[in-house]
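Asker: Just passing along the structure, written as structure tokens.
The values are calculated or read from the model by the stated rules, or taken from the named source; none is laboratory data. These figures come from a predicted structure and were not determined experimentally. Please note: Cβ atoms are built from the backbone with ideal geometry, for glycine as well, and neighbour counts cover all protein chains shown. Accessible surface areas use protein heavy atoms only, side chains included; no ligands, DNA or RNA. Shrake-Rupley method; radii C 1.70, N 1.55, O 1.52, S 1.80 Å.
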Amino acid sequence: MIECDISFARKYITEQDFDAAKKNARQGSQLIKSGDGPGTEWLGWRDILSDPNDAEIEEISTLAAQIREQADIFIVCGIGGSYLGAKAVIEALSPHFGADGPEIIYAGHHMGGKYLSQLLSYLKEKKKDGSHKSIYLNVISKSGSTLETALSFRMIRPLLEEMYEEEASERIICTTGKEGGVLNKLIEDKGYRKFIIPDNVGGRFSVLTPVGLLPIAVAGHDIRTLFYGAVGAFNRYEENPEPVIEYAALRHAMYRKGKTIDVISSFEPELKSFGGWIQQLLGESEGKEGKGIFPAVATYSTDLHSLGQFIQQGSRSLMETFITVKLPTSKLTVNELVENGDKLNYLSGKHFHQVNAKAREGTIEAHSSGDVPVVKICLHALNEENIGELIYFYELLTGIYVYSIGVNPFDQPGVEDYKKAMYRLLGKENQGT
Ligand code: PA5
């Protein structure tokens, strides 16, 4: 269960401005439902929830269980929408230290040579008994040609072939578009296992397809509950989209008032990468035609000691969205020390969750009084079901809100510009991306 509380921010906008923004948001919601808006061919993130593919969820869960039994390392090789969702969910739900199952390693999300060369050395290192590490590689690319991902795959693939010979093809799992592209040709030639990303689901909306589901399942999380958490949210908002429409309207009204930065904040460090997923989802969807609110991510209380000053008193172009968790994420309490040299016994016996919650309440109070409109999105508990719900909530919000500001939420024409320039500078013959 998640709740969206916009009451703290409402005072910044008049009834009239809110009503006008709500009208636009309702139109946005209507376009999502009718499929009559621009980018209508990208609404598959809704279809997968209205008609769940249980057989695929089962197939992924079974494969993930096998990999969990056999693998020391599982490499998620992808960039942007092809890895951010998986990373967000895995970090939200996994223990910070000593998770059981294979070590999850990300690759293909940049072209840093130091990272890749160290990764290759790490993969090559033998175990204490002299045997090879058991490595599985999931390369994820809808286009099959994104340079960052393709280059990492090109460097890691021969290593697996050398280590496992014919068995390498069973250890390489490709998640890609149905047909076309160089990756599909390699799959055909080498016999790699393949999962399909539906044509009508764009990268940043693809976490609930095999793109996110396989890595999340390999990390040991219940993807069926995650998926059905999203299905529950889908059904609820189909019946009553009002909470999402209100938040979309608020964001729109804030934008009109000059709030051009939304700081997505959390007091739970395990939600940091979830902020990164939201950042891409909103940023790549709304930042076009000279419009949009720039999504930033902050993790508190850490970033109160770096960004806090700016948020409290810097240029007043900020709004802030707190992602909070109601039920404690741990039972840890503050210890009692007889000598009390640090004078912290006044906190003894208190749960860290309570201390953190007070820091959060204090921060919301301070930022609100510093003229930062605050929205609170509260998850009842940090579990698969609620995370699934939060994923759909943000996908729907993105669709409705971005339509409401008159932008197509589902394309990313600007991303092509850096690719074109990069390919020209790299001397690629056919400079198509
Ligand atoms: O949201 C998007 O479409 C992008 O972020 C893509 O996911 C990203 O560019 C990776 O593309 P691909 O999966 O084709 O390698």
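Asker: Cβ contacts < 6 Å: first residue closer than 18 Å to LEU123 by Cβ and of a type in the set (S, T, N, Q), restricted to the range 143-157; second residue more than 9 Å from the ligand (Cβ to nearest atom) and modelled with pLDDT of 95 or more, any location; separation 6+ or different chain. Result?
Answerer: Every condition considered, the pairs that remain are THR149/CYS77; SER152/CYS77; SER152/ALA107.
Asker: Out of ALA249, ALA217, ALA230, ALA253, I need the residue that is closer than 23 Å to PRO198 by Cα, outside the structural domain of GLY108 (by TED's automatic domain parsing) and buried (at least 21 other Cβ atoms within 10 Å of the Cβ). Which one?
Answerer: ALA230 is the lone residue from the list that is closer than 23 Å to PRO198 by Cα, outside the structural domain of GLY108 (by TED's automatic domain parsing) and buried (at least 21 other Cβ atoms within 10 Å of the Cβ).
Asker: Here is a further query. For the range 211-232, does any single residue satisfy the condition of being closer than 27 Å to VAL375 by Cβ, touching a residue at least 12 places away in the same chain (Cβ under 8 Å) and within 15 Å of the ligand (Cβ to nearest atom)?
Answerer: There is at least one residue in the range 211-232 that is closer than 27 Å to VAL375 by Cβ, touching a residue at least 12 places away in the same chain (Cβ under 8 Å) and within 15 Å of the ligand (Cβ to nearest atom).
Asker: Take the residues in the range 352-389 that are among the small types (Gly, Ala, Ser) and free of Cβ contacts under 8 Å to residues at least 60 places away in the same chain, then tell me which one is most open to solvent (accessible area, probe 1.4 Å).
Answerer: SER369
Asker: Exactly one of (1) more than 28 Å from PHE227 (Cβ to Cβ); (2) at pLDDT below 95; (3) charged (D, E, K, R) is unmet by ASP411. Its number?
Answerer: Here ASP411 meets the rest and fails (1).
Asker: Report, ordered by the first and then the second residue, all pairs with beta carbons closer than 8 Å, sequence separation of six or more or different chains, a first member in the range 35-47 that is under 15 Å from VAL407 (Cβ atoms), and a second member that is among the β-branched types (Val, Ile, Thr) and crowded, with 19+ Cβ neighbours inside 10 Å.
Answerer: Taking only residues 6 or more apart or on different chains, the pairs are TRP42/VAL201.
Asker: Ok, one more. Considering each residue of the range 276-292, count those that are under 18 Å from ILE377 (Cβ atoms) and away from the ligand (no atom under 16 Å from the Cβ), and give that number.
Answerer: 0
Asker: Report yes if GLY203 is closer than 15 Å to PHE153 by Cα, within 13 Å of the ligand (Cβ to nearest atom) and open to solvent by 30 Å² or more (accessible area, probe 1.4 Å), otherwise no.
Answerer: no
Asker: Next up: In the set PRO295, PRO243, which member is within 16 Å of the ligand (Cβ to nearest atom) and under 15 Å from VAL375 (Cβ atoms)?
Answerer: Residue meeting the stated conditions: PRO295.
Asker: Okay, next question. Suppose the filter is in a helix (DSSP H, G or I), among the β-branched types (Val, Ile, Thr) and within 25 Å of the chain's Cα centre (by Cα); does ILE323 pass it?
Answerer: Taking the combined requirement at face value, the residue does not satisfy it.
Asker: Sticking with this structure for a sec: Which pairs turn up if I take residues in the range 410-424 that are under 22 Å from VAL201 (Cα atoms) and assigned to a loop (DSSP other than H, G, I, E, B) and look for partners that are more than 11 Å from the ligand (Cβ to nearest atom) and among the β-branched types (Val, Ile, Thr) with beta carbon separation below 9 Å, at least 6 apart in sequence or on another chain?
Answerer: From residues that are under 22 Å from VAL201 (Cα atoms) and assigned to a loop (DSSP other than H, G, I, E, B), the pairs are PHE410/THR40; PHE410/VAL402.
Asker: Here's a follow-up. How many of the residues making up the range 74-111 are within 16 Å of ALA217 (Cβ to Cβ) and aliphatic (A, V, I, L, M)?
Answerer: 10
Asker: Within the range 187-210, work out how many residues are without any contact (Cβ under 8 Å) to a residue 40 or more places away in the chain and farther than 21 Å from ILE67 by Cα.
Answerer: 2
Asker: Looking only at the range 94-142, which residues are free of Cβ contacts under 8 Å to residues at least 60 places away in the same chain, open to solvent by 30 Å² or more (accessible area, probe 1.4 Å) and within 16 Å of the ligand (Cβ to nearest atom)?
Answerer: If the condition is that a residue be free of Cβ contacts under 8 Å to residues at least 60 places away in the same chain, open to solvent by 30 Å² or more (accessible area, probe 1.4 Å) and within 16 Å of the ligand (Cβ to nearest atom), then HIS109, HIS110, MET111 are the ones that fit.
Asker: When the range 147-177 is examined, which residues are found to be outside any strand (DSSP E or B), open to solvent by less than 30 Å² (accessible area, probe 1.4 Å) and within 16 Å of the ligand (Cβ to nearest atom)?
Answerer: GLU148, THR149, SER152, PHE153, ILE156
Asker: Can GLU284 be described as at pLDDT 95 or above and either of a type in the set (Ser, Thr, Tyr) or surrounded by fewer than 17 Cβ atoms within 10 Å (Cβ to Cβ) (or both)?
Answerer: So GLU284 fails the test.
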